[in-house]
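Single-structure report; data block below.
Read-outs: derived from the displayed coordinates by stated rules, not from any lab. Quantities reported herein were computed from a predicted structural model and do not represent experimental measurements. Here Cβ is always computed from backbone atoms with ideal geometry, including for glycine, and neighbour counts include all displayed protein chains.
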Amino acid sequence: MTDTNIERHRERGTAFYLFTQQRLPACKPVLTPAWVVEIVERYDIECVPEAFRIDKVSYIQDDSIPKNCSRSLKVHKYMKAPIYIYYELDNYYQNHRRYVKSRSDQQLLHGWDYHGTSSCQPVEFNNDQPIVPCGLIAWSLFNDTFRFIRERAELKVNRKNIAWKSDRDHKFGKNVHPFNFQNGTLIGGGKLNPSIPLSDQEDLIVWMRTSALPSFRKLYGRIEEDLDADDDVVVHLMNNYNTYSFGGKKKLVLSTSSWLGGKNDFLGLACVFVGASSLIFAMVFMLLHLKYRRPFGDTSYLPWNRKSLSG
Amino acid sequence: MEMARLRKRRIHFGKLCSFPCCRPTSTDEHAQTGQKGFSRVVYCNEPDSPEQLRLKYRRNYVSTAKYTVANFIPKSLFEQFRRVANIYFLVVACVSFTSLAPYSAPSILVPLIVVIGGTMAKEGVEDWKRRQQDIEANNRKVEFYDRNSCSFRETKWKNLCVGDLVKVHTDEYFPADLLLISSSYEDGICYVETSNLDGESNLKLKHALEMTSSLHDEKSLKDFRAVIRCEDPNEHLFSFIGTMYYDFQQYPLSPKQILLRGSKLKNTHYIYGAVIFTGHETKVMQNAIDPPSKRTKIERRMDKIIYVLFSTLILVSFIGSLFFGIETKKDFSGGNYRRWYLRPDSTTVFFDPRRASVAAFLHFLTGLMLYGYLIPISLYVSIEICKVLQSIFINQDQDMYDKETDRPAHARTSNLNEELGQVHIILSDKTGTLTCNSMEFVKCSIAGTAYGRGMTEVEISLARKRGERLTELMPIDTGESKKYVKGFNFRDERIMNGQWVNEPHSDFIQKFFRVLATCHTVVPVGTDYEAESPDEAAFVIAAREVGFQFFERDQTSIKLHELDLRSGITVDRVYKLLHVLEFSSARRRMSVIVRNPENQLLLLVKGADSVIFQRLSEQGRVFEAQTKEHIEKYSEAGLRTLAIAYRELGEDEYTRWEQEFMVAKTSLSADQDDLVDKLADWIERDLILLGATAVEDKLQKGVPECIDKLARARIGIWVLTGDKRGTAINIGYACGLLRHEMKQIVIDLELPEIEALERHGDKEAIARASVDSVKGQIRKGKKQIDEAKKLVNGEAPEFGLIIDGKSLTFALDKDLVNCFMELAMRCATVICCRSSPKQKAIVTRLVKSKAGKTTLAIGDGANDVSMLQEADIGVGISGVEGMQAVMASDFAIAQFRFLERLLLVHGHWCYRRIAMMVKLFLSSL
């Protein structure tokens, strides 16, 4: 190869050459939307037997009546694993000031040794011993359970890693056991296995991240198998949790997720709303401008000029 | 004599008769001593006597500081909590300790403490500075009489007691209000400078009672005992009522024997005085009022915003608590607990569904705290810091530093910075502000001949405007000025160096300069003169330069060095001074009655031309026409003119007049002043006109340029001056306030029909006619503007309004004021001539309130103080006329021309920056 050849070769590599020759490398992403597939199933009414529908509260408060219930779901669309299982509560004020404060972060981390639990009132002591974990939030732990069966085979539900890692590692103690939880006269929500430390009680950890809005979803677990379209899934659930007294709905949600996360209508709605109102305002101002037109650099509306005009 | 100052006549007439009015008399006023309001008893020279000690008068310690160490914390805290926002934060901080609070106490306490602590620290530093000044004043030295050693010993001011005898030397301030006992002069007189009290830079004469004025010996003072019963401490500077009991005799005391703290001894070696009022009981301290606190538009707007935020906060909390109450009430209904997870069965009062309304109310309080972030607490602090920095910028501005007086600009209050950028109208004093207040004798007209060559700056600028070429016209001071004499800029070879002798009317010239040399109240100090107004000094200097040197004055005579025409040598001539009829703004003339060495009785007069021309005798009008013409020309050139006249008095006529005059002088009745005026008026007639003088009032540096720029920024400038119309208009032209393309609207009352009425003297008719005339003139002016507007679309010509003081009093009357302000607001320039200090303040207040615009007053003298305090911003010129205006001002600058930078640069930036900051804070809510 001669020198000129080498030079030409080098020249060919330059961006300018590639541009003049229209040989710039290019890529054109073809965006295929990864739709989030969602199944929402409201079960709070259907799971109360017909006979008890008039007084649902006494039904749910009566421990002697079995609470099991089964619902069947139809999968409309192929759902790729992992499929997230959420329970959704409605009209439930986890953000209530009294509720939010009623916990003791120190106790959750350090356990029974920690005595400054006054914030936990009124669920603070049981037989003069501090309840672990204390407070209204823990006391009202959600306790409906779900099992999923597809074509007679149970779908495996992974209930690990549903809480934040930082919560598990730093907020909830590894040596704190809920030995006297829900032992009192008035039992609120779910119970905990006293042999498992709080850092592994992931349902509790999830529940104790209180939600900011009265309608919220919390993660229950993950199904790690794909669901095909037209699959029939039967859900066996224990309808234990009392939302009837305050008229809250309970829903079961199965959802896939995309790189943006799960489905969240709020953000989209907010964007649409802000965008639309900006557009309207823009139009209004444009009309105002057209109606009351003012040439560029016009000083007649400056306050000192305006006075003299009117005067 | 045209003076911008208002003369307090009462004190001036003190000078007229140094001897006659101190006889022991008993009048109604003096009978009051010892009664209510007149309870003070002073035992002179025995401050340690049990009687004196029993009265428990305080010592001469003075404190102007707002706080003491003990009361600083509570008092300044109280000051802080006068701000609504601070009270809110305090309440919130208190409540944050209860369980109502949605957050912990420190999160609200810390910012509150920082905010209040910072502002308190600033207050503390300012007060500490004041305290330093007090300490300095309290520790000044004064000599007091020590009865043990029979001599004067030094002590500190603060140690003086009521009844002490003190000795004050020349150029020293009086440590307290003193009764003059005797002075270094035989007859017990002394001269006092009171510019700190009333802003008049002239000297005032005080004299001791005859019976005490002989006490010159320190030994003889030992046995001096007297008891003074007098009025209680009060704030009236020019009145004093008291009685002295001395040698079993009663003597009435008057303000003429009282030396006030704050004034200064002048031209007198020393005086002896007895302390009457000490410390805070002195008249000057009784007069001290706290300067009005001024707030800027932005601050006021911000207050409104804060109130809006407050209401928003309350509204939000209310709505929140309403729904909270409803929800909480529902929690317990029909024996069921609705939201069981909140345990409504076992709850505190804050969430109790059975007492939902209480819970809702408590929630409301919590809400007030919770949403408290709506109230921007840090905004106040940030603004304070910002303003302090801005004042530093102003203080350090190199372009506002005056080399000659070594004075930088000084922002005395930092909280008006941004208001500088909002100024609509500048109200300016003339003398000392636009002009230098240095008068130069430039021209004169004697016996119908005009003397004085050269042109003034005003003439030059006028000529230039008329488009004349200035080839042969030389400005005065660049010419052959061999040696410059202050106050004298007169060049004419016909008069100077004794050449006047060869002029046709040399006898008139001689008389003319004799009047200048004798008819005045000037006091010679070495080779220089102390005068109450600079133009008076200019006259005496002019007479000296021509060859009539006034060199000595005492109570009864005036001595001149003068050239004797026959022998050609300089001789001393002694004029026996019989009476001085003072200048006043109402009389607009001054005269003296003297007996010359030839034993002739002469009345020598100088005064405003209009006044003098009215009083001429038939044979005295020979040169009236020419002189009038010259005066016209001089005032066109921006010069201040006075007419000079004299009259020979007959012996009989004089004796008769004097008798009546003395009775009037000593009558001590309410209409004494009127009586004296009437008598003075009676003798000042049938005058013979000698000529007229013209004195130049020099413009300050850079005034026309500055005014031009301010006018281009559409800032209206009002000149409030005591000058007469012609002079004011000419100064207006000289500094560019009036331009030739402007149309003038003149409102005055020098109309023939009103003058005719005045001659009749029917006051009511005059007033009625004046109101009608002013009303008509205002209407006419308005119509003129309207027509001009109609004729020229868009670029209407600008108008200048000129109104004189007399018309102003009528125009500021309730019925006319709106009409007048409307007219004034439409004019680019307003000149109020012949206005008094009180009118200045009234005009300022009216502009502020009626027009609702930001006003800036600028002035330099004590007569401007009320105007400065009245305006939104007061700017003091820290020039020669004492510090009174500066002390009352918000900003002090050394030269008028710095106003341009202060307003257009600093004001602009300060406003912009503060506005941006407030906007940023409020938008980040």
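By counting other Cβ atoms within 10 Å of each Cβ, how are B:LYS814, B:LYS559 ranked from fewest to most?
Numbers: B:LYS814 6, B:LYS559 18.
The order, fewest Cβ neighbours first, is B:LYS814, B:LYS559.
What number, rounded to the nearest 500 deg cm²/dmol, is the helix-based mean residue ellipticity at 222 nm of chain A, given -39500 (n - 2.57) per DSSP H run of at least four residues and division by all its residues? Provide the component values of the computation, followed by the final result.
On the way: 9 runs with 80 residues, N = 311.
Helix contribution divided over all residues of chain A: -7000 deg cm²/dmol.
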Exercise for the section: With a/c under 1.5 counting as rounded, go ahead and sort the stretch B:815-925 into rounded, prolate or oblate using the C-alpha gyration tensor (a ≥ b ≥ c being the square roots of the eigenvalues; past the cut-off, prolate if a/b is larger than b/c, else oblate). Expected result: oblate
Fill in the blank from the handout: In order over the stretch B:246-256: 3J(HN,Hα) from phi, Karplus 6.51/-1.76/1.60, θ = phi - 60°, whole Hz, x for each Gly or Pro, gives 9, 6, 6, 10, 9, 10, x, 10, 10, x, 5
Handout entry: Hydrodynamic radius by Kirkwood, which averages 1/r over all alpha carbon pairs of the stretch B:635-716, in angstrom
Key = 17.3
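If you rank B:ILE385, A:ILE131 by fewest surrounding Cβ atoms within 10 Å, what's the result? If you can, show how the numbers build up before the last one.
Working: B:ILE385 12, A:ILE131 25.
Least to most surrounded, the residues fall as B:ILE385, A:ILE131.
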Fill in the blank from the handout: Taking Cα atoms, the helix B:457-466 axis meets the longest principal axis of chain B at an angle in degrees (rounded to 10) of 80
Problem - DSSP-loop GluC sites (Glu not before Pro) across the stretch B:136-190, with at most 15 other Cβ within 10 angstrom - result: B:GLU186
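Decide, for the stretch B:835-875, between rounded, prolate and oblate: order the square roots of the alpha carbon gyration tensor eigenvalues as a ≥ b ≥ c, take rounded if a/c falls under 1.5, and otherwise choose prolate if a/b is larger than b/c, else oblate. Before the final figure, lay out each step's value.
Details: a/c = 2.80, a/b = 1.41, b/c = 1.98.
It comes out oblate by the Cα gyration axes.
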Handout entry: Given B:LYS628/B:LYS783; A:LYS171/A:LYS250; B:LYS387/B:LYS919, the pairs whose alpha carbons are separated by over 25 Å
Key = B:LYS628/B:LYS783; A:LYS171/A:LYS250
Completion exercise
Placing +1 on each Lys and Arg Cβ and -1 on each Asp and Glu Cβ in the protein assembly as shown, then taking the dipole about the Cα centre, the residue among B:VAL485, B:SER889, B:VAL918 whose Cα reaches farthest towards the positive end is B:VAL918
Exercise for the section: Among the lysines, select those whose C-alpha is under 21 Å from the C-alpha of B:LYS206, and discard any that sit fewer than 8 residues away in the same chain. Expected result: B:LYS8, B:LYS15, B:LYS167, B:LYS256, B:LYS264, B:LYS266, B:LYS283, B:LYS576, B:LYS665
Practice task
DSSP loop (so not H, G, I, E, B), at most 10 other Cβ within 10 Å: list which trypsin sites (Lys or Arg not before Pro) in the stretch B:291-353 pass both filters.
Solution key: none
Completion exercise
Hydrodynamic calc, the stretch B:698-750: Kirkwood Rh from Cα pairs, then Stokes-Einstein at 10 °C with viscosity 1.306 mPa s, so D in µm² s⁻¹ is 131
Completion exercise
As straight-line cross-link partners of A:LYS249, the qualifying lysines (C-alpha separation under 25 Å, not fewer than 8 residues apart within one chain) are A:LYS56, A:LYS67, A:LYS74, A:LYS101, A:LYS191, A:LYS218, A:LYS263, B:LYS329, B:LYS330
Practice task
Please give the FRET efficiency for B:GLU552 paired with B:ASN148, using the beta carbon to beta carbon distance and R0 = 35 Å, rounded to the nearest 0.05.
Solution key: 0.30
Practice task
Using only the alpha carbons of the protein assembly as shown, determine the length spanned along each of the three principal axes and report them from longest to shortest in whole angstroms.
Solution key: 151, 98, 79
Problem - With at most 16 neighbouring Cβ atoms within 10 Å, loop chymotrypsin sites (Phe, Trp or Tyr not before Pro) (DSSP) excluded, longest segment of chain A - result: A:79-163
Problem - Footprinting exposure proxy for B:LEU179, A:LEU155 (fewest neighbouring C-beta atoms within 10 Å first) - result: A:LEU155, B:LEU179
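Assign one of three labels to the stretch B:543-686, namely rounded, prolate or oblate, based on the Cα gyration tensor with a ≥ b ≥ c the square roots of its eigenvalues; rounded applies when a/c is under 1.5, prolate when it is not and a/b is larger than b/c, and oblate otherwise.
Numbers: a/c = 1.74, a/b = 1.10, b/c = 1.58.
Oblate.
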Handout entry: Folded to 0 to 90 degrees: helix B:908-923 orientation relative to chain B principal axis, Cα
Key = 20
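What value, in deg cm²/dmol to 500, does the helix sum -39500 (n - 2.57) over DSSP H runs of n ≥ 4 give at 222 nm once divided by the residues of chain B?
-12000 deg cm²/dmol
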Handout entry: Cα centroid of the stretch B:259-331 to Cα centroid of the stretch A:232-284, whole Å
Key = 56
Handout entry: the stretch B:762-877: mean projected area of Cα convex hull, nm²
Key = 8.1
Practice task
From zero up to wherever the largest Cα-Cα distance of the stretch B:339-405 sits, split into 5 Å bins and tell me the percent of pairs in each.
Solution key: 4, 13, 11, 10, 9, 7, 6, 6, 6, 6, 5, 5, 4, 4, 3, 2, 1
Fill in the blank from the handout: In Å³ per residue, the alpha-carbon convex hull of chain B encloses 234
Practice task
Average the reciprocal distances over every distinct pair of alpha-carbons in chain A, invert the result, and give the Kirkwood radius in Å.
Solution key: 24.9
Exercise for the section: Would you calculate the separation in nanometres between label points at A:ASN158 and B:LEU791, each defined as 7 Å from the Cα along the Cα-to-beta-carbon direction? Expected result: 9.5
Exercise for the section: Sort by residue number and report every cysteine in chain A with no other cysteine beta carbon within a distance under 4.7 Å. Expected result: A:CYS27, A:CYS271
